[in-house]
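The values are calculated or read from the model by the stated rules, or taken from the named source; none is laboratory data. Since the structure is predicted, the reported quantities are computational estimates derived from the model, not experimental observations. Cβ atoms come from the backbone with ideal geometry, glycine included; neighbour counts cover every protein chain shown. SASA here: full protein model, heavy atoms, side chains in, ligands and nucleic acids out. Shrake-Rupley method; radii C 1.70, N 1.55, O 1.52, S 1.80 Å.
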Amino acid sequence: QPQLVQSGGRLVQAGGSLRLSCAASGRTSSIYAMGWFRQAPGKEREFVAAIGWSGGKRYYVDSVKGRFTISRDKDKNTVYLQMNSLKPEDTAVYYCASTRAPSILTTLGSYDYWGQGTQVTVSS
């Protein structure tokens, strides 16, 4: 099974940028797609972005379109989330996840493996 290790979260001012990374190791050949989710205090975990591992098709939640970009480096088995024009409402713990099979990539339950989470805090 793949193991996912995240990095990149920190405190940033509103309007700033941040890039999150998620490195996959282990059985990465089974990855069909990878996604990013986030969970703010007192809220449910929500979909942010996803990318097909082979073809690279991207999906975004409306609230981050035009500000966030998901990408992947297949040689490094790493997926990235570039976050620009950050807002205080983007503050959350961000999680990367992988799925082995074609599924609804915006749905939490479609993912099999999860990273450890990384805190992103956007100050106003």
(message) Please go through segment 83-97 and give me each residue that is closer than 18 Å to Gly66 by Cβ and either open to solvent by 50 Å² or more (accessible area, probe 1.4 Å) or outside any strand (DSSP E or B) (or both), ordered by number.
(response) Asn84, Ser85, Leu86, Lys87, Pro88, Glu89, Asp90
(request) Determine the pairs where a residue that is at positive phi, located within segment 110-124, has a partner that is of a type outside the set (A, V, I, L, M) and open to solvent by 50 Å² or more (accessible area, probe 1.4 Å) with Cβ atoms under 9 Å apart, the partner being 6 or more residues away or on another chain. (result) Gly117/Gln39
(request) Out of the residues in segment 98-123 that are in contact with an Asp or Glu (Cβ under 8 Å, 6 or more places away or on another chain) and buried (at least 19 other Cβ atoms within 10 Å of the Cβ), state the one that is farthest from Arg38 (Cα to Cα). (result) Thr99
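Within 18 Å of Val122 (Cα to Cα), among the polar types (S, T, N, Q), in contact with a strand residue (DSSP E or B) (Cβ under 6 Å, 6 or more places away or on another chain) and modelled with pLDDT of 95 or more: does that describe Gln6?
Against the criterion (within 18 Å of Val122 (Cα to Cα), among the polar types (S, T, N, Q), in contact with a strand residue (DSSP E or B) (Cβ under 6 Å, 6 or more places away or on another chain) and modelled with pLDDT of 95 or more), Gln6 does not qualify.
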